[in-house]
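Read the structure below first, then the notes.
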Amino acid sequence: MLRRWSSGRLASLCKPQASSHCPDSSGLPADGLLRLLSFNIQVGISTQRYHHYLTRSWQHLLPHTGRASNLQRIGALLTDYDLVALQEVDGGSLRSGYVNQVEHLAELGGFPYWYQQLNRNLGRLAQHSNGVLTRLHPTQLEDHPLPGPPGRGAILMRFGEGSDALAVVVMHLALGARVRARQLAYIRELLSGYRHQVLMGDMNTHAVDLLQHSPLRDLGLLAPQVEATFPSWRPQRCLDHILISPGLSLERVEVLSQPISDHLPVAVDIRLPGHQAGGTLESSKTLVTGPHS
C-alpha cells in the first residue's frame, strides 16, 4: 500500500524571502530556472580512505565531535539551491546527538520547507532517512517505501498543476541489480501521467544502465554525462544522478569537489518549458540518453 502525504506534512521553518527567483502562482519559479542538488551525506561522516569504513564504523552508532562541523559545511553548500535531495541522513538518534539532520540542514541552508522520510527505524540507535529541502511549496507530496528488503524509499513531489506540472522523485536505490529493477519499475509507475520529470538520488548504478537497461528506458530521460561521484576521495563510479525529461532544458551540470561524505554532490540547473534562458549554457558536456529520447 502506498503512503500518501499532502504537502501540509512539510514542516515550515520560516517564510520564503522575496527575490527575483521567487515562485509564481503555480508554485514554480517565475523565471523558470530551478537549481537542483543531490547529496548522499553518510549521516555527516567524513570518509577519505577505504580503511575509514572500518576505523570509523563506530560513527554509524555513536556521536562524534566532527559531525557538527561536517553538517555546517554541508549547510553552507546548500544555500545556492532551490531543491535538495538528501540520502543517508539521520532523523534524530544517539549517533546524531538526537539532531534531526534534515531539519538542521534546512535551517542552516535557509529552506522554508523540509521533509524527512524515515526508512529504517532503529530507535535510539539510528533513524535512517531520506530528506528533501525546498524553497518551493509542492502541491503534492507522497512518501513511498520501495519494493525489496525494508529500508529503501522514494519521495514523489508535484509542483504546479495540469499538463505543465513538474514531478520530482527523490530516491536511494538498492545495491543489488534485481531489487533495484523492481524499485525502478515501481518508480516508473509513479511517474505515469507526468510529462515533466526529474529523478534525483543515489541510484547505485551508472546512467547507461538506468536509461537503457531498466524499467525507465521508455521514458526517454536524459542524464548529464557528469564526472564520477564515488568514492569522494578518488572518484571512479558515477552512482549519483539527476535525470530529466526531454522537455526540460539543461543549463548547468557539475559534480562538486566537496569530499565531505563518501559521495560527491551532483548539481544541475534546469529551465522549465515556456521560459527563455537568460544566459548561455554553462556546460557543454554530452548527455546520456535513453533509446526513446
*If you take the residues in segment 158-174 that are free of Cβ contacts under 8 Å to residues at least 40 places away in the same chain and not in a loop (DSSP other than H, G, I, E, B), which one is surrounded by the fewest Cβ atoms within 10 Å (Cβ to Cβ)?*
G162
*Is there a residue in segment 115-128 that is crowded, with 20+ Cβ neighbours inside 10 Å and in a loop (DSSP other than H, G, I, E, B)?*
no
_So the check is Cβ under 6 Å with 6+ separation or different chains; which pairs have a first residue in segment 96-113 that's within 11 Å of L71 (Cα to Cα) and a second one that's in a helix (DSSP H, G or I)?_
L105/G75; L108/G75; G109/G75; G109/L78
_Please count how many residues of segment 185-198 are closer than 18 Å to S163 by Cα and aliphatic (A, V, I, L, M)._
3
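Here is a yes/no grid of residues against (1) touching a strand residue (DSSP E or B) at 6+ places or on another chain (Cβ under 7 Å); (2) at negative phi:
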{"position": "L83", "(1), (2)": "yes, yes"}
{"position": "S93", "(1), (2)": "yes, yes"}
{"position": "E103", "(1), (2)": "yes, yes"}
{"position": "Y115", "(1), (2)": "yes, yes"}
{"position": "H128", "(1), (2)": "yes, yes"}
{"position": "P149", "(1), (2)": "no, yes"}
{"position": "G162", "(1), (2)": "no, no"}
{"position": "H172", "(1), (2)": "yes, yes"}
*asked:* Quick check on segment 87-127: of everything there that is hydroxyl-bearing (S, T, Y) and touching a helix residue (DSSP H, G or I) at 6+ places or on another chain (Cβ under 9 Å), which residue is nearest to F230 (Cα to Cα)?
replied: S96
*Would you mind finding the one in R182, R237, R178 that is touching a Phe, Trp or Tyr at 6+ places or on another chain (Cβ under 7 Å), over 21 Å from H137 (Cβ atoms) and not acidic (D, E)?*
R237
*Output the residues belonging to segment 220-234 that are over 19 Å from the mean Cα position of the chain (by Cα) and either on the phi < 0 side of the Ramachandran plot or of a type in the set (D, E) (or both).*
W233, R234
*Can you tell me which residues in segment 175-190 are of a type in the set (D, E, K, R) and either in a loop (DSSP other than H, G, I, E, B) or surrounded by fewer than 21 Cβ atoms within 10 Å (Cβ to Cβ) (or both)?*
R178, R182, R188, E189
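Values quoted throughout were computed directly from the atomic coordinates according to the rules given, and no laboratory measurement underlies them. Model, not experiment: these values are computed from the prediction. Cβ coordinates were reconstructed from backbone atoms using ideal geometry, including for glycine residues, and neighbour counts include every protein chain displayed.
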